[in-house]
1. Provide the gained length on full extension for the span Lys401 to Leu466, in nm with one decimal, where the gain is 0.36 nm per separating residue minus the Cα-Cα distance.
2. How much of the pair distance distribution for the stretch 121-183 lies past 18 Å, counting alpha-carbon pairs only, in percent?
3. Search the structure for amide H atoms under 5 Å from the amide H of Ala49, placed 1.01 Å from N in the peptide plane, and list their residues when 5 or more places away or on another chain.
4. Express the relative contact order of the chain as a whole percentage, based on alpha carbon pairs under 8 Å and six or more residues apart in sequence.
5. Could you work out how far the C-alpha centroid of the stretch 109-126 sits from that of the stretch 452-481, in angstrom?
6. Identify which of the listed values of Kirkwood radius over Cα pairs in Å was calculated from the structure shown: [x] 25.5; [y] 22.8; [z] 26.2.
7. Between Asp78 and Phe377, how high is the FRET efficiency from 1/(1 + (r/R0)^6) when r is the Cβ-Cβ distance and R₀ = 35 Å? Nearest 0.05.
8. Sorted from fewest to most neighbouring beta carbons within 10 Å, what does the list Tyr21, Tyr46 look like?
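Rule-based calculations on the coordinates, nothing more; no lab input. What you see is a predicted model, and the numbers here were worked out from it, not measured in a lab. Cβ placement follows ideal geometry from the backbone for every residue including glycine, while neighbour counts extend to all protein chains displayed.
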Amino acid sequence: MTDRNRYVKPVEPVDPAIAAYANEFNEMVEGLPTFRPSIGCIVPAYNEADSIAGVLDSLLAQTRLPDVIHVVVNNTTDDTVKIASEYAGPHEVVTDGVLQFTEVFVHDIGTNPDKKVGALNYGYSLIEGCDFLLGVDGDTTASTNAVEKLEAEIASDTRIGGISAIYSIDDTVIHGLIPSFLISGQRAQFAAFNMQNMLRGRNMAVLGGQFSIFSMKALREVMVDSHQATPWVKDSEVEDSLLSLQIKSAGYLTKISAQARANVGGMTTLRGLDAQQVKWNFGAIELMWPGQRGDTKGQPFHPNLRLRWVENFSMIVNVITRVLFFIMLAASLSISAFVFSPIWLIPPAVALLLNLRTAMSMKNRNGKDIFFAIGFFPAEIYMWVRIGHFMRAWTKFASNKKVDNWAEQAKAERGSGNAYLVPLMVAVGFTAALVFIWLQLPIMVQSAILWVGWPILGVTTVIQTLTMFFTLVKRHHGYKV
């Protein structure tokens, strides 16, 4: 049979009523709400009168609003409650034509011996029915799409227990020589740390409490596995690091976001920076070292602590090379035995290039960041400041003296205490003792010390320089921190 003679069945007319019903049914199906996981936000706040309004403005400006926001004020002595209460109540926000709803609750829990940990656990009890917990510090603001990006990332993979935002510090409101110097140093420190985690498969060793999202399912499993009544415990100086270890131990991934960004509160005084960094370092040492606290077992080989060990060994090398260089230089000059070699310019040149590359990796870099890197001396001075924090933390740890580092930091931020001057005083005393001892030695002994000391310094510096060089040439794969 030819195509011309093939029978074609006529198309039957569609009943208009059925067509109208089909269209109505399709529109109804398309209009059905899709599943949207619920996000409960907790903002622990202690004396945050200067920043809490900015934090809540940032949360209410998100393209994806948290479903509920609980501000948990504890131990406060300022107007945090009064300012936060102005935001209490329901909020409706239209984003890209979509109406979103959230409600802000403000809780003043008064005197709380567990401080931030107690505030976090109180907030957790209020949002146990949510799918995700968003923890935000009382001095942290985020880019408008931060919550949206965090939700998309954690919802895309059930293996993820928590994701941290990419942290930096907003320096546009910082004025003065010392505050600007300290903030530039902290921005560079954050950038280097973030990039390390990015290049490790975006595996984040510490889900910083500043702006991180957690799976409630993962938190419940941590509580069961660790026999805890709450997700956070007060057994560690760094509650976020300990929880991150526990989430990893429960079989979940801890990640750093590829896109969500947040600006945290920086320290603008040497006193405040010292207290903060010593607390962080001290807490990390406790987690690294086995059996320091009765309720928290040391986990020196935990995957999340590998980067901590690397950081500590790196700081030890920094201490050795810098201290030994100045000792050898001064000793050589004292007996007119110093001979300059241009090869010693290679290590600082590589360090400068590495600092510059770190600055260029920042998404929101500015002239201050570039100057901090290429000026060399700002970055070098800041390294000496960090060495002081490092030595203080290890000294406090070795002393076995129980100290409330949370209280020490709070006191330092109020402008009290002079512990930050201890490294300087120790350095002065150490230098004076070395000078006195050196002057008592015969010339032959002095020459022998230099003959041994310079090669040791040379080998150590070569190893450090090679490490910096390999870090310098490592591909960043397009990441911005």
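1. Details: separation 65, 0.36 × 65 = 23.40 nm, distance 3.83 nm.
This chain segment gains 19.6 nm when fully extended.
2. Working: 1063 of 1953 pairs.
Tail of the P(r) past 18 Å holds 54 percent of the pairs.
3. The answer is Asp79, Thr80.
4. Worked out over the chain, it gives 14 percent.
5. So the two Cα centres are separated by 44 Å.
6. Checked against the structure: label [x].
7. Values: r = 37 Å, r/R0 = 1.07.
Computed FRET efficiency for Asp78 and Phe377: 0.40.
8. Details: Tyr21 11, Tyr46 22.
Going from least to most buried by this count: Tyr21, Tyr46.
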